[in-house]
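The values are calculated or read from the model by the stated rules, or taken from the named source; none is laboratory data. The model shown is predicted, which means the values in this text are computed figures rather than measured ones. Note: ideal-geometry Cβ built from the backbone for every residue, glycine included; neighbour counts use all protein chains shown. What goes into the accessible areas is simple: the full protein's heavy atoms, side chains included, and nothing from ligands, DNA or RNA. Shrake-Rupley method; radii C 1.70, N 1.55, O 1.52, S 1.80 Å.
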Amino acid sequence: MAYDIDNERIPQHIAIIMDGNGRWAAQRGKERSYGHQAGVEAVRRITAECTRLGVKYLTLYTFSTENWSRPAEEVAALMGLVLSSLEDEIFMKNNVRFRVVGDIARLPEAVRRKLAETEAHTALNSAMTMIVALSYSSRWEITEAARTLVRQAIEGKITAADVDEKLLSQSLAMAFLPDPELLIRTGGELRLSNFLLWQAAYSELYFCDTFWPDFSEDDLHRAIAVYQQRQRRFGKTERQIEDGEN
């Protein structure tokens with residue numbers, strides 16, 4: 001099904017909680033790792049389509065800090081999948097820059113090394129930036145920002161009076177990119193699961209039942225079409241927005 005989207009109002013930053021890999025695999029009588037592998041194919045499709053549409057930032061929730069509590073064999077399979085998926089030339093083919101955000105110190109050394117290599121290899125790509133949230137949670141990010149500000153205060157670089165919303169935002173791990181206009185979650189769950197809690201304060205949320213491996217370009221178009229139908233008010237009234245547009 002084709003969805004009518006306005007190419008002049010494509011969200012600059014789209015964030016996605018890629019949920020449903022395990023359940024997708026279970027429906028097919030397969031191990032969860034099979035679903036994660038299929039999820040990589042969806043990443044390739046959606047990355048290419050976002051680049052084509054003119055999206056500037058695509059943030060993908062890949063592995064949360066809470067996911068470390070999963071069975072050891074699944075975590076090991078996911079780490080191996082990270083390594084193999086970064087071999088994909090989709091970054092160079094689509095002129096995509098790669099960035100990773102999260103508690104990287106917890107990752108295996110081989111994964112950390114490959115992440116750094118991919119970031120360096122794609123640093124000059126300019127069509128879109130893909131941010132992979134790996135070993136990430138929003139509470140981790142905000143806690144780390146608070147620690148940074150405390151250290152600066154102890155060193156006498158700032159005072160309590162200096163700490164405001166802007167300074168805290170600048171101390172976050174994702175301070176280098178704008179807040180997402182559109183946040184998509186696949187798989188039928190209706191929660192943010194500790195993802196971009198600060199940045200998503202005024203994001204438009206879109207939930208769908210489609211499991212991530214089945215999420216297609218048409219599904220992406222539908223999410224964008226729904227986003228474009230909404231009025232983004234940022235605390236103002238509908239009348240204020242309409243008067244401003246006129």
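Below are the figures for this structure:
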| item | result |
| --- | --- |
| Qualifying residue in segment 178-197 (condition: in a helix (DSSP H, G or I) and open to solvent by less than 60 Å² (accessible area, probe 1.4 Å)) | no |
| Hits in segment 42-71 (condition: modelled with pLDDT of 95 or more and among the acidic types (Asp, Glu)) | Glu49 |
| Residue check for Asn67: in a loop (DSSP other than H, G, I, E, B), open to solvent by less than 60 Å² (accessible area, probe 1.4 Å) and of a type outside the set (Gly, Ala, Ser) | no |
| Residues of segment 19-38 satisfying the condition of being modelled with pLDDT of 95 or more, surrounded by fewer than 18 Cβ atoms within 10 Å (Cβ to Cβ) and closer than 16 Å to Arg70 by Cβ | Arg23, Ala26 |
| Any hit, segment 140-148, residues being farther than 20 Å from Val43 by Cβ and either touching a residue at least 60 places away in the same chain (Cβ under 8 Å) or in a strand (DSSP E or B) (or both) | yes |
| So Val163, is it over 20 Å from Leu134 (Cα atoms), in contact with a helix residue (DSSP H, G or I) (Cβ under 7 Å, 6 or more places away or on another chain) and aliphatic (A, V, I, L, M) | yes |
| Condition broken by Ala175, with the remaining ones in (1) touching a residue at least 60 places away in the same chain (Cβ under 8 Å); (2) aliphatic (A, V, I, L, M); (3) surrounded by fewer than 17 Cβ atoms within 10 Å (Cβ to Cβ) satisfied | (1) |
| Flag for Asp88 being more than 19 Å from the chain's Cα centre (by Cα) and of a type in the set (Asp, Glu) | no |
| Selected residue [modelled with pLDDT of 95 or more, among the β-branched types (Val, Ile, Thr) and either buried (at least 21 other Cβ atoms within 10 Å of the Cβ) or touching a Pro at 6+ places or on another chain (Cβ under 6 Å) (or both)] from Ile16, Ile10 | Ile16 |
| Subset of segment 85-109 (residues that are in a helix (DSSP H, G or I) and open to solvent by 40 Å² or more (accessible area, probe 1.4 Å)) | Met92, Lys93, Ile104, Ala105, Arg106, Glu109 |
| Restricting segment 119-132 to residues that are touching a helix residue (DSSP H, G or I) at 6+ places or on another chain (Cβ under 9 Å) and open to solvent by less than 10 Å² (accessible area, probe 1.4 Å), the residue that is farthest from Thr51 (Cα to Cα) | Thr122 |
| Test: residue in segment 50-62 that is within 16 Å of the chain's Cα centre (by Cα), assigned to a helix (DSSP H, G or I) and of a type outside the set (Lys, Arg) | yes |
| Members of segment 199-246 that are modelled with pLDDT of 95 or more and not in a helix (DSSP H, G or I) | Ser203, Glu204, Leu205, Tyr206, Phe207, Cys208, Asp209, Thr210, Phe211, Phe215, Ser216 |
